[in-house]
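Some notes on the structure that comes next.
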Amino acid sequence: MSPSERLLRLLSLLQARRAWSGPELCERLGVSARTVRRDIGRLRDLGYPVHAVPGAAGGYGLAAGAAMPPLLLDDEEAVAIAVGLQAAAAGGAVEGIGEASVRALAKLQQVLPARLRRRVSALHAATTPLDGPPAGPRADPRTLTVLAAACRDRERIRFTYRRADGTESARVAEPHGLVPAGRRWYLVAFDTGRGAWRSFRVDRLTSPRPTGVRAAPREPPAAGPAAFVARSRARSPRVSAVLRVHAPAAELADRFRVSGTEVQAVDERTCLLRTGADSLEWTALRIAYLDLDFEVQGPPELTERLTAMAARLTRATAAGPGPGGKPGAGG
């Protein structure tokens, strides 16, 4: 490859991983150690903060600089980022990221080659998002960034974790992977204090701090992080609800976004819904949003939540317009 192509390839490698040894770069680029050192110097002259990594073999890494350098993306990476930004701009499970996603997407679309713009535009045009009620707590993007870096670098982290009952505890863990499940994010990590693999809800995790200590290699959870989170969610205590819904079973399963095992047909127009949720409030909100007739068969607490919700809505509509046509009529 030409010197320019080799320089771009070197930059792409440095952006893909935290640190590379000298021999690794020589092998990837097919050049001598002297050529690698010369190319590293050229990148530094161009303003890229490449630093030397200490160690027996030596190496290089791309440090954080005063400004973000241009990123090198292949076609699939560019399309994936554009699609992800569109989803985030439409409202995802990460808090406060919508506006930044719109700005980043505008910048990316300006520089995408025409062939990639057509692919992204076709996918966007063919996709219709399904509006729904708020999905509860969202993950902090800064927290996700810290956790993702710790997973990549296999670095131990400290954080505070709030359990479902509200109690908080300090944890030290070795992150393995992040899993988006439904509209929540989970961190799969080895909890060093408890000596076992755990899944942590990211929206309950605060103040993650890298320790600078690399984690020793461990055998990951069987079947991978996603399967581990699925099993953990199935074992966690969730509030169960049973409702008789006046809709075909297939329609309810699709609209309520549950598996077919949670819906049992009674007849062609009626079915039973047996489902669990992180809270009764969330179950009440979801079923009310569907605009379907139903009766609650249990638990009584769900009936109480729905009754309270109905009372609030009745008060809001009974107040009528105030002076000047504004809501909230006075005395």
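The values are calculated or read from the model by the stated rules, or taken from the named source; none is laboratory data. Keep in mind that what you see is a predicted model, and the values were worked out from it rather than measured. Cβ sites come from the backbone with ideal geometry, for glycine too, and all protein chains shown count toward neighbours.
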Residues of the range 153-179 classified as farther than 14 Å from G193 by Cα and either among the small types (G, A, S) or touching a residue at least 12 places away in the same chain (Cβ under 8 Å) (or both), total = 11
query = If you take the residues of the range 10-36 that are among the basic types (K, R) and at pLDDT below 90, which of them is nearest to E155 (Cα to Cα)?
reply = R18
key: Residue check, R158 on the phi > 0 side of the Ramachandran plot and touching a Lys or Arg at 6+ places or on another chain (Cβ under 8 Å)   = no
ask   = Residue check: is R152 assigned by TED's automatic domain parsing to the domain that holds A216, among the charged types (D, E, K, R) and at pLDDT 90 or above?
value = no
remark   = Selection from the range 200-249 of residues assigned to a helix (DSSP H, G or I), over 25 Å from D140 (Cβ atoms) and at pLDDT 85 or above yields A249
message = Condition first: surrounded by 20 or more Cβ atoms within 10 Å (Cβ to Cβ), under 19 Å from A139 (Cβ atoms) and among the charged types (D, E, K, R). Can you find one or more residues in the range 156-178 that meet it?
response = no
Sole exception among (1) of a type in the set (A, V, I, L, M); (2) at pLDDT below 80; (3) assigned to a helix (DSSP H, G or I) for A310, by number = (2)
note = Of those in the range 250-260 that are charged (D, E, K, R) and modelled with pLDDT under 80, the residue surrounded by the most Cβ atoms within 10 Å (Cβ to Cβ) is R255
query = Just for the range 179-199: of the residues that are closer than 20 Å to D140 by Cβ and in contact with a Pro (Cβ under 7 Å, 6 or more places away or on another chain), which one is surrounded by the most Cβ atoms within 10 Å (Cβ to Cβ)?
reply = L187
request  = Within the range 154-199, track down each residue that is in a loop (DSSP other than H, G, I, E, B), among the small types (G, A, S) and more than 19 Å from the chain's Cα centre (by Cα).
outcome  = A164, G166, G193, G195
key: Output for the range 160-194, where each listed residue is small (G, A, S) and over 24 Å from V213 (Cα atoms)   = A164, G166, A181, G182
